[in-house]
Amino acid sequence: MARPREFDRDEVLKRAMEVFWAKGYAATSTDDLIKAMKLGRQSFYNAFGDKRTMYVEALDAYQRGTTAGHLKRLDEPASALDGIRSLLTGLIAEDDIVRDRGCMGVGSVSEFGTADEALVARRSGVNATLGLRIGERIREGQASGELDPDLAPEEATAFIQLTMTGLQLAARAGAGLEDLRSMGRFAAERLRRR
């Protein structure tokens, strides 16, 4: 008779995500995961299959959480410009250790590029969801007279998403909290009506 699982799947997934986020896929061993997750080897394989399956599940969980946070910061202010500024400055973690990790999604892009079709598809879905809402906020800001009416919303959206990636890479490279937030504010201000 099989023994029932005796662990909280969400908690062990979170622990695995932390390891992958800090080290990346290639530098993370199955032993690293088992140790961090506090699971036996067989329990790991029974519950998650293998390292790659675990990585994809951890990356999906990470992206669900961060995308929800991005959308919340983008949507909360009534002002479109304030929402975009909040999106950019809010993705920079105050905690030095978390900030130094950058973004797990950007790390995945850096590590895999376009070589892994499943990861490319996931990334495209996340980018499309966020990009759609950024574009809507830009159009809202243009309609209210707050943002430059001459901006092409698709190009401005791509600029904001590129800025997000750049901020996360700069964080991973050791840029400080205030410098990163200053860069986020500067980028948002480029959209303002002059």
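The values are calculated or read from the model by the stated rules, or taken from the named source; none is laboratory data. Given the structure is predicted, the values throughout are model-derived calculations rather than measurements. Reconstructed Cβ throughout: ideal geometry from the backbone, glycine too, with neighbour counts over all protein chains shown. To get the accessible areas, we keep the full protein, side chains included, count just its heavy atoms, and leave off ligands, DNA and RNA. Shrake-Rupley method; radii C 1.70, N 1.55, O 1.52, S 1.80 Å.
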- Which is farthest toward the positive dipole end of the chain among Ala47, Val12, Leu180, measuring Cα position about the Cα centre, with Cβ charges +1 (Lys, Arg) and -1 (Asp, Glu)? Ala47
- Filter the trypsin sites (Lys or Arg not before Pro) in segment 49-100 to those in DSSP coil with at most 12 other Cβ atoms within 10 Å of their Cβ, and list the result. none
- Item | Eligible lysines near Lys38 by straight Cα distance, threshold 26 Å, same-chain separation 8 or greater | Lys14, Lys23, Lys51
- Around Gly125, what is the net charge, scoring Lys/Arg as +1 and Asp/Glu as -1 over all other residues with Cβ under 12 Å from its Cβ? +2
- Query: Whats the longest run of the chain with zero GluC sites (Glu not before Pro) that are DSSP loop and have at most 10 other Cβ atoms within 10 Å?
  - Reply: 95-194
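Rounded if a/c is under 1.5, else prolate if a/b is larger than b/c, else oblate: which is segment 85-134, with a ≥ b ≥ c the root eigenvalues of its Cα gyration tensor?
Working: a/c = 3.89, a/b = 1.31, b/c = 2.97.
It comes out oblate by the Cα gyration axes.
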- Task: Express the accessible area of segment 81-187 per residue in Å², computed with a 1.4 Å probe while the remaining protein chains stay in the model.
- Result: 49
- Item | Residue-averaged [θ]222 nm for the chain, counting only DSSP H segments that reach four residues, each worth -39500 (n - 2.57) | -24000 deg cm²/dmol
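Rounding to the nearest 20 debye, state how big the charge dipole of segment 31-188 is about its Cα centre with +1 on each Lys and Arg Cβ and -1 on each Asp and Glu Cβ.
Computed about the Cα centre, the dipole is about 540 debye.
Please state the relative contact order of segment 9-89 as a whole percent: Cα pairs under 8 Å, 6+ residues apart?
Reported relative contact order: 26 percent.
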- If you add up the charges near Val19, with Lys and Arg at +1 and Asp and Glu at -1, over every other residue whose beta carbon is less than 9 angstrom from its beta carbon, what do you get? +1
- Please name which of Leu59, Ala121, Leu162 has its Cα lying farthest along the dipole of the chain towards the positive end, using unit charges on Cβ (Lys, Arg +1; Asp, Glu -1) and the Cα centre as origin. Leu59
- Lys, Arg +1 and Asp, Glu -1 on Cβ, resulting dipole of segment 103-194 about Cα centre, debye, nearest 20: 220
- Note on the structure: Answer check: segment 9-138, Cα atoms, Kirkwood Rh, Rg/Rh ratio of 1.02
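Grab the other residues whose beta carbon is less than 13 angstrom from that of Leu33, score K and R as +1, D and E as -1, and report the net. It would help to have the intermediate numbers written out before the result.
Details: positive: Lys14, Arg15, Lys23, Lys35, Lys38, Arg41, Lys51, Arg52; negative: Glu18, Asp31, Asp32, Asp50, Glu57.
Here the charged neighbours net out to +3.
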